[in-house]
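Note sheet for the following structure.
The values are calculated or read from the model by the stated rules, or taken from the named source; none is laboratory data. Not measured: the values here are computed from a predicted model. FYI the Cβ positions are ideal-geometry reconstructions off the backbone, even for glycines, and counts take in every protein chain you see. Ligands, DNA and RNA are excluded from the accessible area calculation, which covers all protein heavy atoms including side chains. Shrake-Rupley method; radii C 1.70, N 1.55, O 1.52, S 1.80 Å.
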Amino acid sequence: MEKTENIPERKDVKDEYKWDLSLIYKNTDEWEADLKKIPEFTERVLAFKGKLAESSDILLQTLKANEELDRIIENVFHYANLLNASDQGDSNYQEMVNKAMMAYTASDAKLSFFTPELLSIPDDKILNWIEKPEFADYKISIKKALHAKPHILSEKEERIMALQSESGQTASNTFSLLSDVDMSFGTVTVDGKEKPLTHSTWSTFMENHDRNIRKEAYDKFYGVFEAHANTLASLYAGSVNNDVFHARARGYESSLDAALYGDKVPLSVYTNLIESVHKNLGDLHRYYKLRKRVLGLSELCHYDVYVPLVKSVKTNTPYEKAVEMVRSALEPLGKDYTDTLCSGLLGGWADRYENKGKNSGAFSSGAYKGYPYILLNYKDDSIRDVFTMAHEGGHSMHSYFSVHNNPFSCYDYTIFEAEVASTFNEELLFEYLLKNAESEDMKKYLLSMRASDILATLHRQTMFAEFELKAHQAVEEGQPLSTDFLRKTYRDLLTLYFGPDMVFEKSSDLEGLRIPHFYNAFYVYKYATGISAALALAKRVTEGGDAERNDYFNFLKSGGSRYPIESLKLAGVDMSKTEPIQAALDTFKNLVDSLEQLLF
């Protein structure tokens with residue numbers, strides 16, 4: 001199947017290449033029926049207003065009614081979002097997402113009484129109630145609600161916050177439509193043929209050994225973003241302003257505090273990450289100096305940082321073969337794990353290939369009902385896409401274990417934990433491929449790719465995290481986020497992180513305005529902490545025995561039953577300390593050392 005020269009319409013993609021959403025709803029009629037139930041189930045919960053403190057029985061009835069509603073809302077949202085991700089150009093899917101959001105907002109506004117009223121019950125009284133056996137499914141979620149108590153507002157204020165939630169998504173939704181649907185990047189000439197330049201094919205062009213192709217793709221890609229620079233800056237400023245509004249309204253010290261408080265992640269985890277990476281920037285700069293020398297360039301440009309350092313190795317890995325490679329690589333996790341994942345990748349879990357309008361990149365999206373779905377834009381000629389498959393498979397298996405070992409009220413794990421399971425799988429795949437490399441050139445290729453991948457996940461995501469922090473701090477200190485301010489802030493970080501051997505284009509700082517994750521504030525740092533934890537745990541599991549593997553599975557099974565720092569301690573790593581970050585940075589240093597020895 002051609003994935004780059006002829007990108008098909010969604011309707012022309014074979015069903016066997018698509019995910020199977022029928023486990024959620026068999027068709028949109030069933031979805032519509034559940035959508036219509038949301039007001040009815042909302043009223044059932046609303047009937048308990050003013051009665052929560054009367055008895056433990058009434059509270060339990062309320063919790064059960066609320067869970068029924070939450071399950072419906074989750075299914076309605078999940079189904080609509082997955083359909084929309086598969087073809088964002090389909091206005092029917094956009095309308096479904098909007099309907100789901102409107103129904104949720106209306107329900108949330110009506111039930112704004114719930115949390116304030118729940119938390120108005122004296123702590124000693126509610127803590128006594130939840131010790132009863134019938135509260136087993138809700139005990140953890142109530143304790144987490146009590147943790148949030150200092151930042152819960154009055155009923156009227158919570159209603160206002162709920163009513164604002166839909167409009168608060170405007171910047172993110174508009175950015176997605178602008179970037180993924182409205183923007184057209186043209187074509188790039190390769191071997192005399194015009195090939196489409198898209199978010200998905202961008203990485204392939206950046207890995208092309210022909211520098212003229214890389215430059216053409218780069219200039220055309222960022223030229224489109226340059227044409228929309230002010231709009232993009234305004235959208236991101238709107239998102240940051242919304243974050244600051246929420247943090248201030250709820251009485252948090254800052255937007256960062258608001259983002260970390262719910263997970264009980266100390267602020268020092270974020271700041272220590274940035275400080276640790278800063279202390280080790282010398283190794284990163286050494287890597288870029290090495291890259292400049294290997295590529296034989298008089299100056300290293302931004303479009304030169306993704307091309308593989310080893311020219312002689314080309315790969316072609318059909319999807320089915322990639323699944324079997326993942327199966328073999330993850331063998332240390334046992335047959336049950338690999339059989340479950342691989343049957344999903346070959347079955348209804350995965351949406352495999354690019355089609356017009358499809359969400360760019362890749363993601364895993366699991367809910368309590370249905371499969372832990374995986375969106376891919378798989379290409380046979382990119383070995384990185386095999387790593388993406390393993391990565392998203394890690395997310396989905398985390399979801400699988402969480403759903404099968406926890407009640408609905410606390411199955412959903414935090415994003416802080418999520419990036420551990422995904423990058424854990426990537427590390428096992430790398431070790432497997434390196435061990436089974438058929439040539440010295442393949443070993444060099446894998447080592448250079450792994451160095452690049454760790455750089456992208458650890459150093460680059462930390463740079464992104466620092467940009468987010470600076471943007472939010474600026475607004476909190478009264479600095480408007482103008483286009484010039486955002487571009488200068490990002491360019492300064494580019495200069496700091498890439499070092500003296502990098503030459504940037506005028507448009508390079510626009511990278512800071514094209515990152516979708518920035519619309520989910522303080523998300524990206526979790527990639528960096530995630531890979532640090534994953535590297536430590538992969539080493540622990542592969543060098544250990546049954547006990548270490550069971551510790552890891554206990555982490556996967558914990559779902560949302562523990563705070564993330566606690567669940568990772570269960571697996572065997574303490575992310576409240578800097579040692580895992582430094583160990584990951586040392587791993588990168590060792591890779592650079594190996595490359596210097598092998599390539600010269």
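Laid out as a table, the results:
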| read-out | value |
| --- | --- |
| Region 318-330 - residue that is open to solvent by less than 10 Å² (accessible area, probe 1.4 Å) and either assigned to a loop (DSSP other than H, G, I, E, B) or not aliphatic (A, V, I, L, M) (or both) and, of those, nearest to TYR497 (Cα to Cα) | LEU330 |
| Filter result for GLY344 (in contact (Cβ under 8 Å) with a residue 12 or more places away in the chain, over 30 Å from ARG211 (Cβ atoms), in a loop (DSSP other than H, G, I, E, B) and not hydrophobic (A, V, I, L, M, F, W, C)) | no |
| Residue pairs meeting the criteria (Cβ under 6 Å; at least 6 apart or on separate chains; first modelled with pLDDT of 95 or more, in region 37-51; second not in a helix (DSSP H, G or I)) | VAL45/LEU111; LYS49/PHE113 |
| Failed item, numbered, when PHE48 is tested on (1) more than 24 Å from LYS99 (Cα to Cα); (2) out of contact with any Ser or Thr (no Cβ under 6 Å at 6 or more places or on another chain); (3) not charged (D, E, K, R) | (2) |
| Odd one out for ILE7 among (1) assigned to a loop (DSSP other than H, G, I, E, B); (2) open to solvent by 70 Å² or more (accessible area, probe 1.4 Å); (3) over 20 Å from ALA106 (Cβ atoms) | (2) |
| Residue that is nearest to HIS391 (Cα to Cα), among those in region 506-541 that are open to solvent by 10 Å² or more (accessible area, probe 1.4 Å), within 12 Å of the chain's Cα centre (by Cα) and hydrophobic (A, V, I, L, M, F, W, C) | ILE515 |
| Spans of helices (runs of 4 or more DSSP H) in region 482-600 with at least 2 residues within 25 Å of ASP180 (Cα to Cα) and of a type in the set (A, V, I, L, M, F, W, C) | 483-498 |
| Residue satisfying condition, being open to solvent by less than 40 Å² (accessible area, probe 1.4 Å) and within 19 Å of GLN88 (Cβ to Cβ), within set SER176, SER184, SER165 | SER176 |
| Tabulated pairs, region 5-25, first within 23 Å of TRP202 (Cα to Cα), second at pLDDT 95 or above and assigned to a helix (DSSP H, G or I), C-beta under 7 angstrom, 6+ apart or interchain | ARG10/SER86 |
| From HIS459, HIS398, residue being at pLDDT 95 or above and surrounded by fewer than 23 Cβ atoms within 10 Å (Cβ to Cβ) | HIS459 |
| Given (1) part of a loop (DSSP other than H, G, I, E, B); (2) surrounded by fewer than 17 Cβ atoms within 10 Å (Cβ to Cβ), number of the condition TYR371 does not satisfy | (2) |
| ASP380 vs. criteria over 29 Å from LYS356 (Cβ atoms), surrounded by fewer than 23 Cβ atoms within 10 Å (Cβ to Cβ) and touching a Ser or Thr at 6+ places or on another chain (Cβ under 8 Å) | no |
| Segments classed as helices (runs of 4 or more DSSP H), wholly inside region 33-127, with at least 1 members that are under 20 Å from ILE142 (Cβ atoms) and hydrophobic (A, V, I, L, M, F, W, C) | 56-86, 114-120 |
| LEU458 under 14 Å from ILE531 (Cβ atoms), among the aliphatic types (A, V, I, L, M), touching a residue at least 12 places away in the same chain (Cβ under 8 Å) and in a helix (DSSP H, G or I) | yes |
| Members of region 530-562 found to be within 17 Å of ALA465 (Cα to Cα) and modelled with pLDDT of 95 or more, listed by number | SER532 |
| Given (1) open to solvent by 10 Å² or more (accessible area, probe 1.4 Å); (2) hydroxyl-bearing (Ser, Thr, Tyr); (3) in a helix (DSSP H, G or I), index of the condition THR201 fails | (1) |
| Residue in region 467-480 that is nearest to ASP257 (Cα to Cα), counting only those that are in contact (Cβ under 8 Å) with a residue 60 or more places away in the chain and open to solvent by less than 20 Å² (accessible area, probe 1.4 Å) | HIS472 |
| Every residue from region 73-91 that is surrounded by fewer than 20 Cβ atoms within 10 Å (Cβ to Cβ) and in contact (Cβ under 8 Å) with a residue 12 or more places away in the chain | GLU74, PHE77, ASN81, GLY89, ASP90 |
| Single match in MET389, MET397 (criterion: out of contact with any Ser or Thr (no Cβ under 9 Å at 6 or more places or on another chain) and either in contact (Cβ under 8 Å) with a residue 24 or more places away in the chain or not β-branched (Val, Ile, Thr) (or both)) | MET389 |
| Unmet criterion (only one of (1) more than 26 Å from SER561 (Cβ to Cβ); (2) touching a residue at least 12 places away in the same chain (Cβ under 8 Å); (3) surrounded by fewer than 16 Cβ atoms within 10 Å (Cβ to Cβ); (4) within 28 Å of the chain's Cα centre (by Cα)) for LYS143 | (1) |
| Residue in region 433-445 that is under 14 Å from the mean Cα position of the chain (by Cα) and either crowded, with 22+ Cβ neighbours inside 10 Å or at pLDDT 95 or above (or both) present | no |
